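Visitor: Shown below is the structure under consideration.
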There are 2 protein chains.
Amino acid sequence: MRRRSGQRAHVVGGASDAAGEMGPLRWQVVAAVVGGLARALEALPAVLRWLWAGRRRPPPQREVLFFPSQVTCTEALLRVPGAAPSGCPCNLPHGESSLSRLLRALLAARASLELCLFAFSSPQLGRAVQLLHQRGVRVRVVTDCDYMALNGSQIGLLRKAGIQVRHDQDLGYMHHKFAIVDRKVLITGSLNWTTQAIQSNRENVLIIEDEECVRLFLEEFERIWEEFNPTKYTFFPHKKGSR
Amino acid sequence: MRRRSGQRAHVVGGASDAAGEMGPLRWQVVAAVVGGLARALEALPAVLRWLWAGRRRPPPQREVLFFPSQVTCTEALLRVPGAAPSGCPCNLPHGESSLSRLLRALLAARASLELCLFAFSSPQLGRAVQLLHQRGVRVRVVTDCDYMALNGSQIGLLRKAGIQVRHDQDLGYMHHKFAIVDRKVLITGSLNWTTQAIQSNRENVLIIEDEECVRLFLEEFERIWEEFNPTKYTFFPHKKGSR
């Protein structure tokens, strides 16, 4: 009697035997790879957002101030460093106002301040500029020669403090009202830096952190600064026409 | 003698048989899928850039004008529509200047123009505003009452043309120098709209397409427009103090 051949998996069909035994494993590997790729694609937007947030800077400064400003106490802002802080006993309100916001924008200066001002007689703004000068901020001032001679002008006090001031000698007016803080923030508008303008006029001031605007205004300042070089002064042989 | 069991692949190991025959095909499918995913990942940045470019709008208008302006011929800009264009025989230069760029920014108005001006006596700027009014642009003007009465003021001509003009009655000055074009573009600076300022003073004008700035200046305009409502006029019982 012949013995029938039996099914003996470990002998018959070497390759197919291997596929048979390793098949499920290969498929598991493939499934894992594809699954990993799919999860990576899902996660991609979140990763991009995270990278972007890490690079995102704070939005550039952009502020609009309208005047007349409410009259508020600005002593705390203009206090001499080291003076003891104390509750101010004065009767004025002690909140924010357009003037206090303008003062804060100026007092943020750490390196440089260019002022190009038609008229400058506000004691608070004058005090702020002197504080900056005392702190070592490089301050340069350009102003209109007619207005610098008026009573109450802050220009004389700034000069006494050692701040460089230049002025025009033209028949026309140096009518700008702008400031540049740290070569980075432009402060410009209709406002002359006088108490009457701050307290009584309808005025506007923009505070803009914009590279291109700042660059153009800086160029304008340097042009005027050089043109008003004191070595070129002729001490007003002409009398200006009326406004 | 016993016959030894033979290797009979088609009987033994049914599953491994199938894997053996279909194995290469499955692997090809898997390779194709993984390859496709890899190419999709490679192409992703390019697709994102293409989507982004499709959405990108033209950059917002941002311009800075400095004065005094070169004196140039502005007849072509201010010509009455329908008048025959002709070579201008005048001796003035015919290129661009700060004044011509300011005129162009105004003449771009298609729907509305708000003017909030301390002083307005420039004939060219007056002509531009009248042209806009004739084209159907809604023009509203706010000005300072002291200056609107001066010789050479354009305000009377604008009123005669049917343009709405309102003014203050305060002791303080309406000292703004801004315009809003189509509720979209803000034109503001130190410049009073007078020929002396345009031709003789150092001045600046910013032209800014910025939603937030425009919104704030529009609010200021509407506030002043309502406050200067003619039904509230008392026809100047006070005399203003000196500047």
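Visitor: I want the local charge near B:ARG79. Using Cβ-Cβ distances under 15 Å, sum +1 for each Lys or Arg and -1 for each Asp or Glu among the other residues.
Guide: After counting each charged neighbour, the total is +2.
Visitor: Another question about this same structure. Run the simple label-point estimate for B:ARG49 and A:ALA108 please: 7 Å along Cα→C-beta, distance reported in nm.
Guide: Reported label-point gap for B:ARG49 and A:ALA108 is 3.5 nm.
Visitor: Distances from B:LEU51 to the same position in the other copies: list them in nm, one decimal, shortest first, using label points 7 Å from Cα along Cα→Cβ.
Guide: Computed spacing set for this position: 1.5 nm.
Visitor: Across peptide B:201-210, what mean number of C-beta atoms from other chains lies inside 10 Å of a residue's C-beta?
Guide: Across B:201-210, the average partner-chain Cβ count within 10 Å equals 6.
Visitor: For the pair B:LYS232 and B:THR195, what calculated FRET efficiency results from E = 1/(1 + (r/R0)^6), where r is the Cβ-Cβ distance and R0 = 45 Å, to the nearest 0.05?
Guide: Plugging the Cβ-Cβ distance into 1/(1 + (r/R0)^6) gives 0.90.
Visitor: Something else: Looking at the calculated P(r) for the stretch B:95-243, what percent of the C-alpha pair distances fall above 21 Å?
Guide: Across the stretch B:95-243, Cα pairs with separations above 21 Å total 41 percent.
Visitor: My understanding is that a pair violates if its Cα-Cα distance is over 30 Å; which of A:LYS177/B:LYS232; A:LYS232/B:LYS177; A:LYS177/A:LYS232 do that in this structure?
Guide: In this structure, A:LYS177/B:LYS232; A:LYS232/B:LYS177 lie more than 30 Å apart at Cα.
Visitor: Additional query: Mind grabbing the interface size between B and A? I mean buried accessible area, both sides, 1.4 Å probe, in Å² to the nearest hundred.
Guide: About 4800 Å² of accessible surface is lost on pairing.
Visitor: While we're on this one: For B:LYS184, give me every one of the aspartates and glutamates with a C-alpha distance below 17 angstrom, ignoring sequence neighbours fewer than eight places off in its own chain.
Guide: Qualifying aspartates and glutamates at Cα under 17 Å: B:GLU63, B:GLU114, B:GLU209, B:ASP210, B:GLU211, B:GLU212, B:GLU219, B:GLU220, B:GLU222.
Visitor: Same structure again: Pop the C-beta distance of B:LEU25 and A:ARG57 into the FRET formula with R0 = 56 Å and round what comes out to the nearest 0.05.
Guide: Calculated transfer efficiency: 0.55.
Visitor: Count charges around B:LEU186 for me, please; just the other residues with Cβ under 13 Å from its Cβ, Lys/Arg as +1, Asp/Glu as -1.
Guide: Overall, the nearby charge balance is -3.
Visitor: Right, next: When only the heavy atoms of the protein chains count and the probe is 1.4 Å, how do A:TRP27, B:TRP50 rank by accessible area, highest first?
Guide: B:TRP50, A:TRP27
Visitor: Quick one: with label points 7 Å out along Cα→Cβ, list the inter-copy distances for A:ARG79 in nm, shortest first?
Guide: Label point to label point, same position, other copies: 6.7 nm.
Visitor: Defining the label point at 7 Å along Cα→Cβ, can you sort the distances from A:ASP146 to the same site in each other copy, shortest first, in nm?
Guide: 1.3
Visitor: What shape does the stretch B:165-236 take by its C-alpha gyration tensor, where a ≥ b ≥ c are the square roots of the eigenvalues and a/c under 1.5 counts as rounded, a/b above b/c as prolate, and the rest as oblate?
Guide: oblate
The values are calculated or read from the model by the stated rules, or taken from the named source; none is laboratory data. Everything numeric here is computed off the predicted structure, so don't read it as measured data. Here Cβ is always computed from backbone atoms with ideal geometry, including for glycine, and neighbour counts include all displayed protein chains. Side chains are part of the model used for accessible areas, which takes the heavy atoms of the whole protein and leaves out ligands, DNA and RNA. Shrake-Rupley method; radii C 1.70, N 1.55, O 1.52, S 1.80 Å.
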